[in-house]
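Okay, structure first, notes after.
The values are calculated or read from the model by the stated rules, or taken from the named source; none is laboratory data. Treat the numbers as computed from the prediction; the structure is a model and nothing was measured. Neighbour counts run over all protein chains shown; Cβ positions are idealised from the backbone, glycine included. For accessibility, only protein heavy atoms count, side chains too; no ligands or nucleic acids. Shrake-Rupley method; radii C 1.70, N 1.55, O 1.52, S 1.80 Å.
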Amino acid sequence: MATGQLFSRTTQALFYNYKQLPIQRMLDFDFLCGRETPSVAGIINPGAEGFQKLFFGQEEIAIPVHSTIEAACTAHPTADVFINFASFRSAAASSMAALKQPTIRVVAIIAEGVPVSDTKQLIAYARSNNKVVIGPATVGGIQAGAFRIGDAAGTIDNIVQCKLYRPGSVGFVSKSGGMSNEMYNTIARVTDGIYEGIAIGGDVFPGSTLSDHILRFNNIPQVKMMVVLGELGGRDEYSLVEALKQGKVNKPVVAWVSGTCARLFKSEVQFGHAGAKSGGETESAQGKNQALRDAGAIVPTSYEAFEAVIKETFDKLVEQGKITPLKEVMPPQIPEDLNSAIKSGKVRAPTHIISTISDDRGEEPCYAGVPMSSIVERGYGVGDVISLLWFKRSLPRYFTHFIEICIMLCADHGPCVSGAHNTIVTARAGKDLVSSLVSGLLTIGPRFGGAIDDAARYFKDAYDRGLTPYEFVEGMKKKGIRVPGIGHRIKRGDNRDKRVELLQRFARTHFPSVKYMEYAVQVETYTLSKANNLVLNVDGAIGSLFLDLLAGSGMFSKQEIDEIVGIGYLNGLFVLARSIGLIGHTFDQKRLKQPLYRHPWEDVLYTK
């Protein structure tokens, strides 16, 4: 066991099992104390590596994350404190691994419920190697103005109120972490504050005892008096009694053992901590208080008198000139996190993203205000989901059914079209699904699959302006623009595209109006008089029919229709549909284990 000071303003720790809040609280304490370097040198998160972003005052810093204790100790040889936030299941093994590292001096074990046999092994190893274990079942400890373990001493407001941002003259040790916070406040009210405070933990066998820390405090020149808060159960306080009797402590010790109320119960009572159970008169709070009093400790008559006795002892030391009252200094203000400041109404901050189509903040995601469960319970299909996420409203069934038909009809058009070809070549090059899919999607544009929007745009403009098919086609010709949605490499006037016929048949049966489609058919009649392959293709059919859907449903204004066409909704439908086929081609090539594709020489014209 160490015989003097454990921590300083330069002490750095390794934090095991990443917990954002305790680490941030340690860094906030560092800033409050005016430390130049963060007290957390590295984080150990088994199986993970990299960095974690945290704040050191107003500055954002990156703390290294290591996957093993050994790697962290090698990377940070000056970090000699190991703060273990592992669960009780792995706390003992990870603590022993840390104790075996030559760079680690102090191990703090936060977990409760660590098996007694494991704790005894840790204690034996630590004592034989002159190392310190604080805990298990501890909140840790704090050296005022220097170093803090995890959540010790509570909130920053409590730390400021208890004057823990600068050192005082009192060494404090307790079994209870919760009562430590209360005692820090009590001591700050009647003295110049804490120099160092330790909560050894409430287990039956703590890694270090009350007397271990009192003997340390006795060797620290800055500590002028000690305060001890014990509890009923166990015999830990008697080691302090023996130290006092043997004259090993030459500074005032003010002590109180809580649990005097246990005698009011007829049967034995188990209090909060594992060790807080009276097993006889010697383990009772009254027995321990009397033993401490007889050994020379200053013991009040009750807990209520504890504060007054601490004040009286401190005042005597001031009168004797052993303590010089400190001049108070104001600590810096810890910058408040943006989220907490917004919640408290102290600041307002602009958002970075606007979303009107979905919301994941409640108990379940919503699409355009419709809960996910309702979508499933009402039997909605893909078309209905598209209507919510793309059009922000529930559209009639004929509308959503048409969307689904378009997706089915446009899902694939064989392996020879440019998108499928690109996807196949990429998949055969050994690339992953996303890469293969994207390589095919990147071919979609004005020449492949991207004519739906243009077809809708030009058909709408011509019809709304009252142009005859002749005026429309010849006007486009004069501008040097091919009519989008007209023309096919294979299909002819006497061999129509079955997909177009299916779409037209569905529309004539279910749509309220097909005025744009009929206009497109009139345009086709004129273009077929010029060439037999200038038929209405699937792009033109979908483009014109979508105009009928938008206009005939009565659910969209003229401005909304123009916006839908202008933004690219209709090409989005082709992208969505064709993704199904491109994914299929990727899986097909992977399943067939096709080799790397190389284009044949005979299919290339080599020329100068």
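Give the residues of region 182-206 that are touching a helix residue (DSSP H, G or I) at 6+ places or on another chain (Cβ under 6 Å), of a type in the set (S, T, N, Q) and surrounded by fewer than 24 Cβ atoms within 10 Å (Cβ to Cβ), sorted by residue number.
186
Output the residues belonging to region 197-247 that are closer than 26 Å to residue 162 by Cα, free of Cβ contacts under 8 Å to residues at least 60 places away in the same chain and among the β-branched types (Val, Ile, Thr).
Answer for region 197-247, where residues must be closer than 26 Å to residue 162 by Cα, free of Cβ contacts under 8 Å to residues at least 60 places away in the same chain and among the β-branched types (Val, Ile, Thr): 209, 214, 223.
Take the residues of region 388-406 that are farther than 21 Å from residue 538 by Cβ and of a type in the set (A, V, I, L, M): which is most open to solvent (accessible area, probe 1.4 Å)? Walk me through it before giving the result.
As a first pass, look at region 388-406 and keep what is farther than 21 Å from residue 538 by Cβ: 388-389, 391-397.
Cutting the leftovers down to of a type in the set (A, V, I, L, M) gives us 388-389, 395.
Working: 388: 3, 389: 46, 395: 15 Å².
This residue is 389.
Would you check if there is a residue in region 310-331 being in a loop (DSSP other than H, G, I, E, B) and closer than 30 Å to residue 553 by Cα?
Here is the first cut: in region 310-331, the residues in a loop (DSSP other than H, G, I, E, B) are 320-331.
Among the residues that remain, those that are also closer than 30 Å to residue 553 by Cα are: none.
No, every residue in region 310-331 fails to be in a loop (DSSP other than H, G, I, E, B) and closer than 30 Å to residue 553 by Cα.
Among the residues of region 144-203, which ones are in contact with a strand residue (DSSP E or B) (Cβ under 7 Å, 6 or more places away or on another chain), among the charged types (D, E, K, R) and closer than 28 Å to residue 321 by Cα?
196
For residue 251, only one of the following conditions fails: (1) within 23 Å of residue 190 (Cβ to Cβ); (2) in contact with a Leu (Cβ under 7 Å, 6 or more places away or on another chain); (3) surrounded by fewer than 19 Cβ atoms within 10 Å (Cβ to Cβ). What is its number?
With (1) within 23 Å of residue 190 (Cβ to Cβ); (2) in contact with a Leu (Cβ under 7 Å, 6 or more places away or on another chain); (3) surrounded by fewer than 19 Cβ atoms within 10 Å (Cβ to Cβ) applied to residue 251, the lone miss is (2).
Working only within region 93-145, note down all residues that are of a type in the set (A, V, I, L, M, F, W, C), in a loop (DSSP other than H, G, I, E, B) and touching a Pro at 6+ places or on another chain (Cβ under 7 Å). Write out each step before concluding.
Step one: filter region 93-145 for residues of a type in the set (A, V, I, L, M, F, W, C), giving 93, 96-99, 104, 106-111, 114, 116, 122-124, 126, 132-134, 137, 139, 142, 144.
Now drop any that are not in a loop (DSSP other than H, G, I, E, B), which leaves 104, 110-111, 114, 137, 139, 144.
Hits for region 93-145 are 111, 114, 144.
Out of region 177-208, which residues are more than 35 Å from the chain's Cα centre (by Cα) and modelled with pLDDT under 95?
Those that are more than 35 Å from the chain's Cα centre (by Cα) and modelled with pLDDT under 95: 204, 205.
Quick check on region 43-65: of everything there that is under 23 Å from residue 95 (Cα atoms) and touching a Leu at 6+ places or on another chain (Cβ under 8 Å), which residue is surrounded by the most Cβ atoms within 10 Å (Cβ to Cβ)?
Ranking the candidates gives 44 first.
Only one of 139, 132 is open to solvent by less than 50 Å² (accessible area, probe 1.4 Å), closer than 19 Å to residue 8 by Cβ and not acidic (Asp, Glu); which? If you could, list the steps in order and put the result at the bottom.
On the way: 139 fails: closer than 19 Å to residue 8 by Cβ.
Exactly one residue qualifies, and that residue is 132.
Please state which of the following conditions residue 521 fails to meet, knowing it meets all the rest: (1) within 41 Å of the chain's Cα centre (by Cα); (2) at pLDDT 95 or above; (3) in a helix (DSSP H, G or I).
Unmet condition: (1).
Could you count how many residues in region 407-422 are open to solvent by 40 Å² or more (accessible area, probe 1.4 Å), aliphatic (A, V, I, L, M) and closer than 14 Å to residue 575 by Cβ?
To start, the set of residues in region 407-422 that are open to solvent by 40 Å² or more (accessible area, probe 1.4 Å) comprises 408, 412-413, 415-416, 418, 421-422.
Okay, now just the ones that are also aliphatic (A, V, I, L, M), so 408.
Next cut, closer than 14 Å to residue 575 by Cβ only: none.
Number satisfying all stated conditions: 0.
Just give me the residues in region 332-341 being assigned to a helix (DSSP H, G or I) and open to solvent by 90 Å² or more (accessible area, probe 1.4 Å), in sequence order. First the steps, then the outcome.
Here is the first cut: in region 332-341, the ones assigned to a helix (DSSP H, G or I) are 338-341.
Within region 332-341, 338, 339 meet the criteria.
All but one of (1) open to solvent by less than 80 Å² (accessible area, probe 1.4 Å); (2) part of a loop (DSSP other than H, G, I, E, B) hold for residue 346; which doesn't?
If we test residue 346 against (1) open to solvent by less than 80 Å² (accessible area, probe 1.4 Å); (2) part of a loop (DSSP other than H, G, I, E, B), just (1) comes out false.
Test residue 520 against the stated conditions and say whether it is in contact (Cβ under 8 Å) with a residue 12 or more places away in the chain, over 14 Å from residue 457 (Cβ atoms) and either out of contact with any Cys (no Cβ under 7 Å at 6 or more places or on another chain) or of a type in the set (D, E, K, R) (or both). Reasoning before the result, please.
Values: in contact (Cβ under 8 Å) with a residue 12 or more places away in the chain: yes; over 14 Å from residue 457 (Cβ atoms): no; either out of contact with any Cys (no Cβ under 7 Å at 6 or more places or on another chain) or of a type in the set (D, E, K, R) (or both): yes.
No, not satisfied.
What are the residues in region 74-92 that are assigned to a helix (DSSP H, G or I) and either open to solvent by less than 10 Å² (accessible area, probe 1.4 Å) or charged (D, E, K, R) (or both), if any? Please lay out each step first, then the result.
As a first pass, look at region 74-92 and keep what is assigned to a helix (DSSP H, G or I): 74-75, 91-92.
Listed by number, the list holds a single entry, 91.
Restricting attention to region 24-69, which residues are within 18 Å of residue 338 (Cβ to Cβ), in a helix (DSSP H, G or I) and among the hydrophobic types (A, V, I, L, M, F, W, C)?
Passing the criteria: 27, 31.
Take the residues in region 455-512 that are in a loop (DSSP other than H, G, I, E, B), of a type in the set (Gly, Ala, Ser) and modelled with pLDDT under 95; name whichever of them is most open to solvent (accessible area, probe 1.4 Å).
Checked region 455-512; the qualifying residue most open to solvent (accessible area, probe 1.4 Å) is 480.
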